[in-house]
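Colleague: One structure, pasted below without further comment.
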Amino acid sequence: MKGEIVKLGQTFKTVVGYIWRVALCAFAYVVGTTAGGAIVSALGMELPSIPEQADEKTMGLCLLAGSFALAIAIGPLARRLRAAYLVRWLVLAALTYVCLGLNTPIEAAIFTSMGGMGTMPVFSILPCLLFAGVLALLFKPSEKAAGLGLNVCRFFAGRSAREWTWRFAAGICAFPAIYWIFGMMVAPWVLEYYKQGQFGLTLPGTGVIVLVQFLRSSLFFLASLGVLIVWSGSRLELTARLGLAFFVLVGLFGMIQSYWLWATVLVLHNLEILADSVVYAGVLAVLFVRKDASACRTSSDLAGMPAT
């Protein structure tokens with residue numbers, strides 16, 4: 001009985017600890033967004049516009065909910081990045097910024113008619129940096145941090161230039177193929193909404209879509225490279241944790257704030273992006289995470305590797 005009470009107390013402590021960490025990370029993103037908007041306005045730049053159907057108060061609540069989703073999704077990923085605080089901060093900031101600060105305006109530019117998206121790369125700098133900084137501070141890895149040089153050495157060791165060439169090419173080409181496959185599955189149910197042009201949605205030509213997906217894929221791959229280099233878990237863990245992070249960053253975060261869209265579009269696109277994200281993360285795991293990844297991450301193994 002006493003042991004069960006102790007176990008229950010430990011579980012409660014863990015849950016409470018997780019909740020306040022998530023809340024602080026979410027608060028950091030909201031504060032960063034507010035400050036980023038103020039900076040953009042002070043610079044005389046146009047803020048991203050929202051459809052006339054949207055309500056500012058509701059948008060604020062949706063931003064808060066989306067920020068909580070970001071922290072819940074990326075926290076588990078942060079715990080598996082075995083590196084010093086500064087490296088983990090930059091890796092998480094790069095991943096967050098590429099998905100929210102670069103990918104979002106790129107997608108909005110071809111699939112919507114909303115204005116002000118050109119300022120998103122500037123607008124997103126502060127919230128992504130602040131969010132990633134708090135996230136890296138609160139969601140620490142359980143293992144002792146390894147130096148960046150040792151991580152880089154471990155990552156690139158044992159493979160020829162030819163092997164790296166085809167792996168990098170496959171990593172960049174994977175996302176467009178995955179995107180197209182799952183996109184075609186939901187197209188019969190959502191395509192008509194884009195053709196109608198309601199709520200600011202537009203439908204570009206096929207050529208534009210393909211080129212943009214290769215651009216997005218290159219950005220996603222570069223952002224993921226830092227994660228892959230300092231990753232300390234298995235392939236399956238990377239698939240689950242990076243897949244979840246991509247799903248929220250690329251899909252759920254924006255969809256929560258696009259509450260005015262049809263339920264059909266929101267649900268189907270979320271399912272599509274979830275499938276895209278998990279499969280893409282799985283491909284990166286197979287290409288770049290070694291089968292014995294967990295074993296080779298011990299301190300003794302890393303200590304025996306040459307520094308770079």
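Colleague: For the list (1) in a helix (DSSP H, G or I); (2) modelled with pLDDT under 95, I need the number of the one condition that residue 307 fails.
Modeller: Checking residue 307 against (1) in a helix (DSSP H, G or I); (2) modelled with pLDDT under 95, the one that fails is (1).
Colleague: List every residue pair whose Cβ atoms sit under 6 Å apart, with the two residues 6 or more apart in sequence or on different chains, where the first one lies in the range 256-269 and is under 21 Å from residue 188 (Cα atoms) and the second, anywhere, is at pLDDT 80 or above.
Modeller: 265/190; 266/255; 268/186; 268/189; 268/190
Colleague: State whether the residues of the range 84-92 include one that is more than 20 Å from the chain's Cα centre (by Cα) and hydroxyl-bearing (Ser, Thr, Tyr).
Modeller: no
Colleague: Restricting to the range 48-83, what's the tally of residues that are of a type outside the set (S, T, N, Q), part of a loop (DSSP other than H, G, I, E, B) and exposed (fewer than 15 other Cβ atoms within 10 Å of the Cβ)?
Modeller: Total satisfying the criteria: 2.
Colleague: Between a residue in the range 1-29 that is at pLDDT 75 or above and among the charged types (D, E, K, R) and any residue that is surrounded by 12 or more Cβ atoms within 10 Å (Cβ to Cβ) and in a helix (DSSP H, G or I), which pairs come within a Cβ distance under 6 Å, given they are 6 or more apart or on different chains?
Modeller: Taking only residues 6 or more apart or on different chains, the pairs are 21/138.
Colleague: I'm told residue 136 meets every condition in (1) in contact with a Phe, Trp or Tyr (Cβ under 6 Å, 6 or more places away or on another chain); (2) among the small types (Gly, Ala, Ser); (3) closer than 15 Å to residue 279 by Cβ except one. Can you identify the failing condition by its number?
Modeller: Condition (3) is where residue 136 drops out.
Colleague: Among the residues of the range 205-223, is there at least one that is outside any helix (DSSP H, G or I), touching a residue at least 40 places away in the same chain (Cβ under 8 Å) and either among the aromatic types (Phe, Trp, Tyr) or at positive phi (or both)?
Modeller: No, the conditions are met nowhere in the range 205-223.
Colleague: Next question. Just for helices (runs of 4 or more DSSP H) wholly inside the range 227-302: which have at least 1 residues that are of a type outside the set (Phe, Trp, Tyr), crowded, with 20+ Cβ neighbours inside 10 Å and modelled with pLDDT of 95 or more?
Modeller: Hits in the range 227-302: 235-246, 263-288.
Colleague: Suppose we keep only residues that are out of contact with any strand residue (DSSP E or B) (no Cβ under 7 Å at 6 or more places or on another chain) and surrounded by fewer than 18 Cβ atoms within 10 Å (Cβ to Cβ) within the range 110-124. Which one would you say is farthest from residue 265 (Cα to Cα)?
Modeller: Per the stated criteria, the residue is 122.
Colleague: Restricting to the range 148-196, count the residues that are within 21 Å of the chain's Cα centre (by Cα) and polar (S, T, N, Q).
Modeller: Of the residues in that region, 0 qualify.
Colleague: Could you count how many residues in the range 172-204 are in contact (Cβ under 8 Å) with a residue 60 or more places away in the chain, surrounded by fewer than 14 Cβ atoms within 10 Å (Cβ to Cβ) and of a type in the set (A, V, I, L, M)?
Modeller: Residues that pass the stated criteria total 1.
Colleague: Provide a single number: the residues in the range 133-166 that are surrounded by 12 or more Cβ atoms within 10 Å (Cβ to Cβ) and either within 26 Å of residue 73 (Cβ to Cβ) or acidic (Asp, Glu) (or both).
Modeller: 15
Colleague: Name the residue that is modelled with the lowest pLDDT, counting only residues in the range 113-170 that are assigned to a helix (DSSP H, G or I) and among the charged types (D, E, K, R).
Modeller: 154
The values are calculated or read from the model by the stated rules, or taken from the named source; none is laboratory data. Fair warning: this is a prediction, and the values are worked out from it, not measured in the lab. Note that each Cβ is placed from the backbone with ideal geometry, even for glycine, and that neighbours are counted across all protein chains shown.
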